[in-house]
Amino acid sequence: IYFSLAEKRMASKANLIRAVSKPELANLKKFFPGNHIEFIPNGVQVPPAHSLREKQTEVTNYLFLSRLHHKKNILALAEAWLSSSLNNRTDKMLLIAGPDQGELERLQSIVSKSSNIRYLGTVSGKDKADVFQNATFFVLPSFSEGLPSALLESMASGLIPIITQGCNLPEVFTNSLG
């Protein structure tokens with residue numbers, strides 16, 4: 001509704017419309033035929049190559065780092081972990097980091113059923129760098145994203161992405177990166 005009432009009208013008058021992913025570019029071209037639309041991807045700071053993957057732990061960590069919101073599909077991820085062969089293994093861990101936006105209470109009831117799911121809360125700065133450093137996989141089963149910067153940061157840190165099409169980074173699939 002907001003798009004139809006406000007954004008579409010404002011954007012149609014813009015000299016340039018920026019798309020941060022190729023799927024978004026395709027969608028914007030449908031909504032704004034004839035407008036100048038450019039794909040200008042978001043960037044992230046890439047750590048020096050020598051520090052990318054000096055893993056500090058024997059446990060294989062799977063990291064979800066995003067806000068705890070319905071569209072991120074975190075509850076389905078936690079439920080899937082419970083029913084998988086990874087659940088309760090001492091050599092595997094699902095780390096969940098991010099601020100609550102309505103899912104934490106239900107998530108905690110799922111986390112309490114597993115010995116190898118841990119909620120870390122919000123992480124930033126050195127704590128965030130450490131979480132990336134000690135993880136192997138980055139998991140984001142999102143329904144819908146613009147272009148998730150945490151996914152870009154995780155890939156720049158050498159993590160293997162496990163994502164859905166909704167993450168809007170088709171290059172992961174077309175280049176067999178995750």
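Tell me what the chain gives for mean residue ellipticity at 222 nm when only DSSP H runs of n ≥ 4 count, each as -39,500 (n - 2.57), the sum divided by the residue total, rounded to 500 deg cm²/dmol.
Rounded to the nearest 500, it is -8000 deg cm²/dmol.
Within straight cross-link reach of LYS92, meaning Cα distance under 28 Å, which lysines are found once same-chain residues fewer than 8 apart are removed?
List returned: LYS55, LYS71, LYS72, LYS113, LYS126, LYS128.
When ligands, DNA and RNA are left out and all protein chains stay put, how many square angstrom of accessible area per residue does region 19-178 have with a 1.4 Å probe?
52 Å²
Which shape class applies to the chain: rounded if a/c is under 1.5, otherwise prolate when a/b exceeds b/c and oblate if not, where a ≥ b ≥ c are the square roots of the Cα gyration tensor eigenvalues?
prolate
Explain nothing, just the number: relative contact order of the chain, from Cα pairs under 8 Å at least 6 residues apart, as a whole percent. Write down the numbers at each step before the final one.
Working: 294 pairs, mean separation 43.1, N = 178.
After rounding, I find 24 percent.
Using a simple spin-label model with points 7 Å from Cα along the Cα→Cβ vector, what separation in nm is obtained for ARG18 and GLN108?
About 3.8 nm, to one decimal.
Carbon and sulfur atoms: what percent of the 1.4 Å accessible area of region 113-178 do they account for?
Here it works out to 55 percent.
For LEU65, which sequence-distant residues (separation of 5 or more, or a different chain) have an amide H within less than 5 Å of its own amide H, given hydrogens modelled in the peptide plane?
Excluding prolines and chain starts, which carry no amide H, the hits are ALA97, VAL139.
Go through 2-14, 76-88 and give me the packing order, highest mean Cβ count within 10 Å leading.
Listed from highest to lowest mean packing, they are 76-88, 2-14.
What residue among PRO99, PRO33, PRO161 has the largest mean-square fluctuation in a Gaussian network model of the chain, using Cα springs under 10 Å?
PRO33
Between LYS29 and LEU5, what is the label-point separation in nm under the 7 Å Cα-to-beta-carbon projection?
Roughly 3.2 nm, to one decimal.
For region 95-178, just the Cα set please: Rg and Dmax, both in angstrom.
13.5, 37
The values are calculated or read from the model by the stated rules, or taken from the named source; none is laboratory data. Since we're looking at a predicted model, the values are computed, not measured. Here the Cβ is made from the backbone with ideal geometry for all residues, glycine too, and neighbour counts use every protein chain on show. The area values use the complete protein model at the heavy-atom level, side chains included, leaving out ligands, DNA and RNA. Shrake-Rupley method; radii C 1.70, N 1.55, O 1.52, S 1.80 Å.
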